[in-house]
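A.B. asks: My questions will all concern the structure given below.
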Amino acid sequence: MEFSDRLSNLRQLLAPGARQPAEDERLLQLYWNRAELKKELSRLQDERHKLIEHLNKHEATFARHSEQLLQLEEFLGHPETGPHALVYFQLRSLWRASSAKVARFAQQLQQQQADREQRRQLLELDRTRRQQLADFDRRIASSRARADELEAQLKLQEAKLESMRGFWNYARRRRLAEEIATERQLWDQAATEVTDLSDDRAALEEQAPPPFEGISVDGRRIVNTAVIAYAQQLVVTLSTGGLAVLAKETTTKRVFDMKYGTREECSRLMMLLREGLSVVKNEKDDLSGLKERTDALRAVVAYRSDADTVPLTDSIGTLPVPVAPVSGLEAGNKAGVNVLVDDYWDVYQALLQ
């Protein structure tokens, strides 16, 4: 069909009266369906581009990791560099085990402090409630005594009113009836007060304690100083042969950049690491001296504001820790270690903010 013929047919379709309303509706539906399909196609194309980009990133990451793995295999397999890699990864293992140990200690202290403060809150609430209940009992007893007194007076006056006979007592009966009405109103008020006080007392007795809002600022400071002292003690415990400092270096340096001396020095370090790991992984902590270290720390720590729970780094001081010769210093030298500044054993993650 020629273009002119198709144009002629289209003009006929668009001419008034050429189409039925049903055909108009069908054409509109087709138009909207086409628009929705175009929109969905555009969305799928965008999603496809994103997936391709994501796949390319994964492929690049996989290639990079494969290259690093091959490089590591060659590094481990070389007689000269293999011992250094073994020491490095054992130091990394020591760091992870120590970090997990500090985190567990912090969680235990946090739970103990939360339980302690929650018990204290419940005891204080119970003491306050007992005082309030005792006050309600006194007020209820006073109101009940007043209501009983008024009730007795009412009965006497009603009996007196009943005994008054004859028309000559009309005026007196009227005055006494007014007095009885006043007394009854007072009795109603007293009885209502007894009921209201009893309801309030019952509501107070059944009232559930408020939810625990969390450890206080002072409580969090107590936990944090103990955790910092624990991290310091672990640094001192692992100071033999400079293990603590060497383990810290593995968090900032690659295995390919580390050298730990001769083969004999590497063997000596691995023996020390075996002993250090056994100490760290021992479930029974040696906490001797921790209380003294914690008390000494609490006596000197300072905070930036009343709301802060982590002490200023300068206020906790430094620990003189022996440094191994492979760390760049001669044997016997000591490094000043600040567990907060250097974030030993990932202590910041264990602290309560």
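A.B. asks: Take Gln131 and decide whether it is at pLDDT 90 or above, in a helix (DSSP H, G or I) and open to solvent by less than 80 Å² (accessible area, probe 1.4 Å).
C.D. replies: When the stated conditions are applied, Gln131 does not pass them.
A.B. asks: Continuing with this model, one more query. Give just the number: which of (1) hydrophobic (A, V, I, L, M, F, W, C); (2) surrounded by 14 or more Cβ atoms within 10 Å (Cβ to Cβ); (3) under 46 Å from the mean Cα position of the chain (by Cα) does Ile180 not satisfy?
C.D. replies: Failing condition for Ile180: (3).
A.B. asks: Looking at Phe75, Phe62, Phe136, which one is modelled with pLDDT under 90, open to solvent by 90 Å² or more (accessible area, probe 1.4 Å), assigned to a helix (DSSP H, G or I) and aromatic (Phe, Trp, Tyr)?
C.D. replies: That would be Phe62, the only listed residue that is modelled with pLDDT under 90, open to solvent by 90 Å² or more (accessible area, probe 1.4 Å), assigned to a helix (DSSP H, G or I) and aromatic (Phe, Trp, Tyr).
A.B. asks: If I filter the stretch 207-243 down to residues being of a type outside the set (S, T, N, Q) and over 30 Å from the mean Cα position of the chain (by Cα), which single residue comes out as farthest from Gln113 (Cα to Cα)?
C.D. replies: Among those that are of a type outside the set (S, T, N, Q) and over 30 Å from the mean Cα position of the chain (by Cα), it is Gly241.
A.B. asks: Scanning for something within 33 Å of the chain's Cα centre (by Cα), open to solvent by 80 Å² or more (accessible area, probe 1.4 Å), basic (Lys, Arg) and modelled with pLDDT of 85 or more, does the stretch 278-292 turn up at least one residue?
C.D. replies: yes
A.B. asks: Within the group Gln112, Gln153, Gln157, which residue is open to solvent by 90 Å² or more (accessible area, probe 1.4 Å) and not basic (Lys, Arg)?
C.D. replies: Gln112
A.B. asks: Quick check on this structure: which one of Arg173, Arg165 is open to solvent by 60 Å² or more (accessible area, probe 1.4 Å) and either of a type in the set (Gly, Ala, Ser) or not in a helix (DSSP H, G or I) (or both)?
C.D. replies: Of the residues listed, the single one that is open to solvent by 60 Å² or more (accessible area, probe 1.4 Å) and either of a type in the set (Gly, Ala, Ser) or not in a helix (DSSP H, G or I) (or both) is Arg165.
A.B. asks: Here is a follow-up. Being of a type in the set (Lys, Arg) and under 22 Å from the mean Cα position of the chain (by Cα) is the filter here, so list the residues in the stretch 94-146 that pass it.
C.D. replies: Within the stretch 94-146, Lys101, Arg104, Arg116, Arg119, Arg120 meet the criteria.
A.B. asks: Return only the number of the condition from (1) open to solvent by less than 40 Å² (accessible area, probe 1.4 Å); (2) touching a residue at least 60 places away in the same chain (Cβ under 8 Å); (3) more than 16 Å from Asn338 (Cβ to Cβ) that Ser239 does not satisfy.
C.D. replies: Against the list (1) open to solvent by less than 40 Å² (accessible area, probe 1.4 Å); (2) touching a residue at least 60 places away in the same chain (Cβ under 8 Å); (3) more than 16 Å from Asn338 (Cβ to Cβ), Ser239 comes up short only on (3).
The values are calculated or read from the model by the stated rules, or taken from the named source; none is laboratory data. These numbers were taken from a predicted model, which means no experiment stands behind them. Quick reminder, even Gly has a Cβ in these numbers, built from the backbone with ideal geometry, and neighbours come from all protein chains shown. Heads up: the accessible areas ignore ligands, DNA and RNA and are worked out on the full protein's heavy atoms, side chains in. Shrake-Rupley method; radii C 1.70, N 1.55, O 1.52, S 1.80 Å.
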